[in-house]
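Have a look at the structure below before the remarks.
The values are calculated or read from the model by the stated rules, or taken from the named source; none is laboratory data. All values derive from a computational prediction rather than experimental measurement. Cβ atoms come from the backbone with ideal geometry, glycine included; neighbour counts cover every protein chain shown.
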Amino acid sequence: METNNIINCFSVFSGKYYKMLKEDASLLEDGHLPLNKAPDKNCKKCYGRGHNGLNTQNFTYELCICVHKRINFDILKDINNVNTQFAQ
């Protein structure tokens, strides 16, 4: 398996990172974010966790700014285009 075919993802529900194949990115659901690369372990706010803690009102992890900077918006746009095609 090629390494450029794998993307990093972050789940706001579990606060965990995981990897998946780029061709399966259209299967991502709400709350699962594709990342360009994993956040740095030396972040001064989250120390590499990717979140600042659990929001007890909606039970999601509040994203750190280091994760916001690494979200792959190209994949999110592709997912949105695929979903709108199926809706029609």
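Scanning the stretch 4-44 for residues that are basic (Lys, Arg) and in a strand (DSSP E or B) yields one hit, Lys19. Give me a count of the residues in the stretch 1-52 that are acidic (Asp, Glu) and in contact with a Cys (Cβ under 9 Å, 6 or more places away or on another chain). Residues flagged as acidic (Asp, Glu) and in contact with a Cys (Cβ under 9 Å, 6 or more places away or on another chain) within the stretch 1-52 amount to 1. Scanning the stretch 30-45 for residues that are in contact with a strand residue (DSSP E or B) (Cβ under 6 Å, 6 or more places away or on another chain) and of a type outside the set (A, V, I, L, M), we see that the one that is surrounded by the most Cβ atoms within 10 Å (Cβ to Cβ) is Pro34.
Annotation note: of Ala25, Ala38, the sole residue that is at pLDDT below 90 and either polar (S, T, N, Q) or in contact with a Phe, Trp or Tyr (Cβ under 8 Å, 6 or more places away or on another chain) (or both) is Ala38.
Among residues of the stretch 16-41 that are more than 23 Å from Asn81 (Cβ to Cβ) and touching a residue at least 12 places away in the same chain (Cβ under 8 Å), those with a Cβ under 7 angstrom from a residue that is surrounded by fewer than 17 Cβ atoms within 10 Å (Cβ to Cβ) and β-branched (Val, Ile, Thr), sequence gap 6+ or separate chain, pair up as Lys19/Ile6. Return the residue satisfying two criteria in turn: it lies in the stretch 1-11 and is of a type outside the set (Asp, Glu) and at pLDDT below 90, and of such residues it is farthest from Cys64 (Cα to Cα). Out of the qualifying residues, it is Met1.
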